[in-house]
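Trainee: Before I ask anything, let me first share the structure, which is written out below as structure tokens.
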Amino acid sequence: MKNIYIIGDVHGCYKTLLALINKLPNKFDSKICFVGDLIDRGSNSKEIIKLIRDNNYDCVLGNHESYMIDSLEKIIEDNSLVQSEKWTLKAGGIPTIKSYDNTEDILDDMYYLKTLPLFLEYKDYKTNDNRYLVVSHSSVEAKWIYKDFSIESKEYKELKNSVLNGRYKNFDNKDIFNVYGHTPVNNVTSNSYQANIDLGCCYSKEQMLDPRLCALAFPSMKVYTQENIEEV
């Protein structure tokens, strides 16, 4: 079986992303899925979204995309909200706004981000013990049982909250292998049912021991990494 390459939180680090993809066996022709948090903090969010859209790569919704979706139109209507919206005040949204030349382009990308799924199931990609791949931004946790509920239901909203905001929770959902990011770790952490691949690419070496961008090949489980080269 061919691999799918799942890429961790990019956070605006476009040069680093290009360097990582060039390390993959089929480079830009690889089958790629992103775990979300394409944007914010780094300075090239626009270029990352363009790359993904142009190549029709898969991607799931991250909490930073959710922040942008919730805030952008309000900020466009009233720019003073830049000082109070969580997206721009605490989550690194200002570099994302600055990466765009005009309102039309950033709104178009925001509408694209609104189409991203909460999770993706790849039932043809399986581990040796027959678990199929599920990609999400953070762990689906025990809330995975709600995946087929109505998106308006309380149960599905609990799943969404776990996937976008949950940290440090483990749960074996038996039939799936869950690959996700969201919580930076120094090395890929994995067990028989999940893997966290966020290696803190956007952080400084004062914040992280070895900040890198990661791609996990599935099902081979080979790890590819690229140090942050945004200042090079």
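The values are calculated or read from the model by the stated rules, or taken from the named source; none is laboratory data. Since this is a predicted model, take the numbers as computed values, not measurements. All Cβ positions, glycine included, derive from the backbone under ideal geometry; neighbour counts span all protein chains shown. Side chains are part of the model used for accessible areas, which takes the heavy atoms of the whole protein and leaves out ligands, DNA and RNA. Shrake-Rupley method; radii C 1.70, N 1.55, O 1.52, S 1.80 Å.
Trainee: Among the numbered criteria (1) farther than 25 Å from Gly42 by Cα; (2) small (Gly, Ala, Ser); (3) surrounded by 13 or more Cβ atoms within 10 Å (Cβ to Cβ), which single criterion is violated by Ala195?
Mentor: Unmet condition: (1).
Trainee: Considering only segment 44-57, state which residues are surrounded by 17 or more Cβ atoms within 10 Å (Cβ to Cβ) and outside any helix (DSSP H, G or I).
Mentor: Scanning segment 44-57 gives Asn44, Tyr57.
Trainee: State whether one or more residues within segment 152-159 are in contact (Cβ under 8 Å) with a residue 40 or more places away in the chain and within 30 Å of Glu47 (Cβ to Cβ).
Mentor: no
Trainee: May I pose another question? Say whether the condition of being open to solvent by 10 Å² or more (accessible area, probe 1.4 Å) and either within 29 Å of Ser220 (Cβ to Cβ) or at pLDDT below 95 (or both) is met by at least one residue in segment 95-102.
Mentor: Within segment 95-102, none of the residues are open to solvent by 10 Å² or more (accessible area, probe 1.4 Å) and either within 29 Å of Ser220 (Cβ to Cβ) or at pLDDT below 95 (or both).
Trainee: Follow-up question, since we're still on this one. Just for segment 160-184: of the residues that are outside any helix (DSSP H, G or I) and basic (Lys, Arg), which one is surrounded by the fewest Cβ atoms within 10 Å (Cβ to Cβ)?
Mentor: Lys174
Trainee: May I ask you to list pairs of residues, at least six apart or on different chains, whose Cβ atoms are under 7 Å apart, with the first in segment 23-50 being without any contact (Cβ under 8 Å) to a residue 24 or more places away in the chain and the second being part of a helix (DSSP H, G or I)?
Mentor: Filtered contacts from segment 23-50: Lys27/Ile21.
Trainee: In addition: Would you call Ile6 crowded, with 20+ Cβ neighbours inside 10 Å, among the hydrophobic types (A, V, I, L, M, F, W, C) and touching a helix residue (DSSP H, G or I) at 6+ places or on another chain (Cβ under 6 Å)?
Mentor: When the stated conditions are applied, Ile6 does not pass them.
Trainee: Picking from Ile145, Ile151, which residue would you name as being in a loop (DSSP other than H, G, I, E, B) and not polar (S, T, N, Q)?
Mentor: Ile151
Trainee: Still on this structure, I have one more. Consider only pairs whose beta carbons are under 7 Å apart and that are at least six residues apart or on different chains; among these, list those whose first residue lies in segment 128-142 and is modelled with pLDDT of 95 or more and whose second residue is buried (at least 24 other Cβ atoms within 10 Å of the Cβ) and of a type in the set (S, T, N, Q).
Mentor: So the pair list comes out as Val134/Asn178; Ser136/Asn178; Ser139/Asn178; Val140/Asn178.
Trainee: Does Tyr14 satisfy being closer than 20 Å to Arg212 by Cα, among the hydroxyl-bearing types (Ser, Thr, Tyr) and open to solvent by 10 Å² or more (accessible area, probe 1.4 Å)?
Mentor: Yes; evaluated as a whole, the condition is true for this residue.
Trainee: Looking at Lys157, Lys123, which one is open to solvent by 40 Å² or more (accessible area, probe 1.4 Å) and touching a strand residue (DSSP E or B) at 6+ places or on another chain (Cβ under 6 Å)?
Mentor: Being open to solvent by 40 Å² or more (accessible area, probe 1.4 Å) and touching a strand residue (DSSP E or B) at 6+ places or on another chain (Cβ under 6 Å) holds for just one of Lys157, Lys123, which is Lys123.
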